[in-house]
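The next block holds one structure in the form of structure tokens; read it before the comments.
Read-outs: derived from the displayed coordinates by stated rules, not from any lab. Owing to the predicted nature of the structure, the values given are computational and were not obtained by experimental measurement. FYI the Cβ positions are ideal-geometry reconstructions off the backbone, even for glycines, and counts take in every protein chain you see.
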Amino acid sequence: MTHSFALTRPKLFLAGIFFILSFFLAMASQVSATSQAICPPGQVPDGSGGCKELDTPQYQTPTSGTETIARIINIVLGFLGLIALVLFIIGGFQWMTSGGNEDKTSAAKKLMISAVIGLVIILAAAVISNFAFNAIQKSLGEEGGSGEL
């Protein structure tokens, strides 16, 4: 009498479901075991059930108009960089699926080169805008002209 311990697809599926459910059960028990306060943005639990202010610069509100404009420009440049990255990935996918067709391969290469040029332009714009806004803040005597926006 021999026993077969071969893992078939239904057995693997059930084992996977079991491990996933046990993981989430363990995580739920950990979350319920900690009784910390739910704090608004910019605050952290203080350990006694209350909240305290977080003193890191990224959670402090901008105090000047130039700092607010610089943050908006940096956010826009970040989204543009994300779009350029997506275009680069699309170009790579087109190249991989071109099947050796020279026209499709050259179009994919052009798209990837354009995406890299776009990333360089976006990076240069970010560096120039940060430099300009830091210089403006220093000339106005405002805080935050130390290179971090």
_Extension gain, Val120 back to Ala28 (0.36 nm per residue minus Cα-Cα distance, nm)_ = 28.6 nm
*Quick one: which residues, 5+ away or cross-chain, put their amide H under 5 Å from the amide H of Lys52? H built at 1.01 Å from N.*
Val44, Asp46
_Per-residue counts of other Cβ atoms within 10 Å, averaged by peptide: what ranking do you get for 16-23, 101-108, 80-87, highest first?_
80-87, 101-108, 16-23
